Amino acid sequence: MIQSMTGYGKSIIQLPTKKITIEIKSLNSKNLDLNTRIPAIYREKEVSVRRKLAKELTRGKIDLSFYTETTAEETSTNINKAIVSNYLKQLDDIHKEADNLSIAMRLPDVLKTEREELDNDEWSIIEKSVDEALLQLQIFRKDEGRVLNNDFVLRIEAIRKNLNEIIELDEERLQTVRERLLKSINELKATVDENRFEQEMIYYLEKLDITEEKVRLNNHLDYFITELSSDISNGKKLGFISQEMGREINTIGSKANFAPMQKLVVQMKDELEKIKEQLLNVL
């Protein structure tokens, strides 16, 4: 079953001193484009997280974000009292003002942040939360993939229906072309060798023959449907098949030389373009 490259997953965990929200977003991209926003304390685990995302998501523009919110009364950032006192003393020596404290608080090194060390037990909880967000995103991708699959099936069947109508029109088309050529010869009022004329007619009609194109296009349509039901979602392969379908449709259009058939070719091209647009979002 195909999957969409569009997806979203979110997980929230409450730790003793903080709340962490993990979000993973995915959009379509030709290759894997992975971006992460992880707080410094967890930065040493970034490589393993990126490796996991690359393995599970394969392709797409992936954004992973950690949002942390401190919920405890204590904080790792404290006022450096000694430095503040020293600043105030120097400011008082220059000039005593009521707002010396607000000035001092804006000077360098007033706030000191103690570096937190990574807690492995805490990271184990966070890692499970990443897995949960990743699972939600994959479910989202599969749900979107089912919608795309149904749309592809309908459009492939529309192309097949037009192809069958073209097959039915083919004999009428060749007869119309033959009559058109005979009419042109008669209008010239020229004497022609019947045998030679018939040979030239056969040669000309053979150049307009679309039997091979009809067979190949029908095979491509079957192949596309088969790949839709494959266990692996392969948008690139489906894209290649759609290109081959386009070649056969274009060739039929160039050989048609018959208005009712050309109208059907235009309808097939329209359906195929919509398929190609949607394929850009298939994993």
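The values are calculated or read from the model by the stated rules, or taken from the named source; none is laboratory data. If you're wondering where the values come from, they're calculated on a predicted model, not measured in any experiment. Neighbour counts run over all protein chains shown; Cβ positions are idealised from the backbone, glycine included.
Observations
- Qualifying position, being modelled with pLDDT of 70 or more and aliphatic (A, V, I, L, M), among Ile139, Ile103, Ile79: Ile139
- Positions within region 21-73 being part of a loop (DSSP other than H, G, I, E, B), aliphatic (A, V, I, L, M) and within 17 Å of Leu118 (Cα to Cα), in sequence order: Ile38
- As for region 240-263, it holds at least one residue that is over 20 Å from Asn162 (Cα atoms) and out of contact with any Gly (no Cβ under 7 Å at 6 or more places or on another chain).
- Condition check for Ile12: at pLDDT 90 or above, in contact with a helix residue (DSSP H, G or I) (Cβ under 7 Å, 6 or more places away or on another chain) and of a type outside the set (Ser, Thr, Tyr): no
- Scanning region 35-59 for residues that are of a type in the set (A, V, I, L, M) and either outside the structural domain of Glu23 (by TED's automatic domain parsing) or exposed (fewer than 12 other Cβ atoms within 10 Å of the Cβ) (or both) yields Ala40, Val47.
- Selected residue (criterion: surrounded by the fewest Cβ atoms within 10 Å (Cβ to Cβ)) from residues of region 132-157 that are in contact with a helix residue (DSSP H, G or I) (Cβ under 8 Å, 6 or more places away or on another chain) and not charged (D, E, K, R): Val153
- As a summary of the residue check, Ser26 satisfies the conditions (1) in contact with a helix residue (DSSP H, G or I) (Cβ under 8 Å, 6 or more places away or on another chain); (2) modelled with pLDDT under 90 except for the one numbered (2).
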